[in-house]
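Visitor: Questions regarding the structure given below will be posed in turn.
Read-outs: derived from the displayed coordinates by stated rules, not from any lab. Just so you know, these numbers come straight off a predicted model, no measurement behind them. Cβ placement follows ideal geometry from the backbone for every residue including glycine, while neighbour counts extend to all protein chains displayed.
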Amino acid sequence: MKKVLAMILVIMMTAVLFAACGNGNDTPEQVPAGDEAAGDEVAGNDAADDEAPTPTGDVIELSMWHYFGVTGQEIIDDLTTRFNEENPGIRITPTFVSRDDLLRQYTMGAVSGDLPDIGMVDNPDHASFSVLGVFDDITDLVDAWGEQDAFFEGPMLSATWEGRVHGLPIASNCLALFYNVDLLEEAGVDVPTTWDELEAAAAILTEGDRFGLAISMVNDEEGTFQFMPWFISADGSIDDLSGPGPIRAISFINDLIEQGSVSRDVINWGQGDANMQFMNGLAAMQVNGPWNIPTIEREAPDLNWNVSLIPRDVRYASVLGGENFGICVGSTDREAAFAFLSWFHSAETLAEWNERNGTFPPRGDALVLRDLWTEDPILSVFGEALQYAMPRGPHPRWPEISNAISSAMHEVFTGTSTPEEAMQRAAERYAELVAE
């Protein structure tokens, strides 16, 4: 009970914490970083009610909560209406709930039992709410469905805790390396594919007031999100934060700062700030996400740029953003709820949803159904990177673990601690959290 109460307190305190999510849907990824539609006016609740046919006979009524804004809600309404028409024995009613309110209602619902039948969740929060008793263990239903192996490893892991499946991913995104084609060509620099190549390229491309690389290393979840690809690439693990992988990753970035190839101001930059440096020619390369593509196209239409996988150490890596759906504990009918989830998470429906939503499908056989994810020179790279994108955690204490990591980053990047000292403190904090 002490663990549950502590977790409830953490979730309520971090309800407005930045988290990297999908595009255009009242998500915090680009507030401050990349969600072009996050400020859209929200359509009214239960918008599907006006268009869906009135059911007759015995119908299983199921509620669904989500925090997608106008664009996402319109798509959700279209898809749930179609499902209701194709499945007259089940009626899904989607309701918009702002992200902050949704987290609070989940937290309270874990105690009161007042939960929807189906709920949406930001993927780094999924483990927390599963442990709290918000999301049901649906391993049996997923196993019987038999399509879980079609999903990329990272998105599926984000909905899994201690080997049990508590939901399915609906949308994904990740990070890649953006580069200024003209600057690299003028300097005779090839697109880097390894850390050593990146270090050399960043040094050559640093000139005057221009830095070789821009990244966000701000002291919060956004900074941790940006640190994770380096951490994962070096074979880092959150249960061994003082191990060689995490120390190598944080040392590599610190070396780039010390060498002058990365600005010391990155400790104050969000992802939007890094993108601004890149668009203005003050950074030859940046690590960022696809939510910045519309901004570049709109504000720097003449910029000649491209993207590639983030250079690797031990292996290629990226970090996962996006959302999942889960069936809530106490659902009116978990089999009927899963009938909707399995329909929505089919390859074709996920392809349609993510194409219209401006995100990426979390299953490989959906990704190949649209040319934009396989033929577009920019989007196809992000599609490729998804196979390397791992979730943050997953762990029910992720916000606090993230804080320990970002705090260690800042200790190192401000010169107050060595990489070994900072990561040792982060490891000790992790040990405290999992022991509580």
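Visitor: List the GluC sites (Glu not before Pro) in the stretch 82-162 that DSSP assigns to loop (not H, G, I, E or B) and whose Cβ has at most 11 other Cβ atoms within 10 Å. Which are they?
Guide: Passing both the DSSP loop test and the Cβ count: Glu162.
Visitor: Quick check: the angle from helix 398-413's long axis to the longest principal axis of the chain, C-alpha only, nearest 10 degrees?
Guide: Here the helix axis deviates by roughly 10 degrees.
Visitor: Another question, if that's okay. Compute the Rg/Rh shape ratio of the stretch 72-228: radius of gyration over Kirkwood radius, all on alpha-carbon atoms.
Guide: The Rg/Rh ratio comes out at 1.11.
Visitor: Let me ask something additional. Under a 10 Å cutoff between Cα atoms, tell me which one of Ala351, Ala150, Ala202 has the largest fluctuation in the Gaussian network model of the chain.
Guide: Of Ala351, Ala150, Ala202, the most mobile in the Gaussian network model is Ala150.
Visitor: Of the listed values [x] 34.9; [y] 25.0; [z] 20.0, identify the label whose number matches mean projected area of the Cα convex hull in nm² calculated from this model.
Guide: The value matching this structure is [z].
Visitor: Around Phe325, under 14 Å between beta carbons, what's the net of Lys plus Arg minus Asp minus Glu among the other residues?
Guide: The answer is -3.
Visitor: Let me ask something else. Tally Lys and Arg at +1 and Asp and Glu at -1 over the other residues with C-beta under 14 Å from the C-beta of Trp195: what net charge comes out?
Guide: Residues near Trp195 contribute -3 overall.
Visitor: I'd like the distance between the alpha-carbon centres of the stretch 85-136 and the stretch 352-398, rounded to an integer number of Å.
Guide: After rounding, the separation between the Cα centres reads 23 Å.
Visitor: On C-alpha positions alone, give me the angle between the axis of helix 195-205 and the longest principal axis of the chain, in degrees, nearest 10.
Guide: Here the helix axis deviates by roughly 60 degrees.
Visitor: Follow-up question, since we're still on this one. Cβ under 12 Å from Phe152's Cβ, Phe152 left aside: what net charge do those residues give with Lys, Arg +1 and Asp, Glu -1?
Guide: -3
Visitor: Shifting gears a bit: Counting other Cβ atoms within 10 Å, keep those with at most 10, restrict to DSSP loop, and tell me which trypsin sites (Lys or Arg not before Pro) in the stretch 243-332 are left.
Guide: Within the stretch 243-332, the qualifying trypsin sites (Lys or Arg not before Pro) (loop, at most 10 other Cβ atoms within 10 Å) are Arg315.
Visitor: Taking every DSSP beta bridge with both residues inside the chain, roughly what % is antiparallel (nearest 5)?
Guide: In the chain, DSSP labels about 60 percent of beta bridges as antiparallel.
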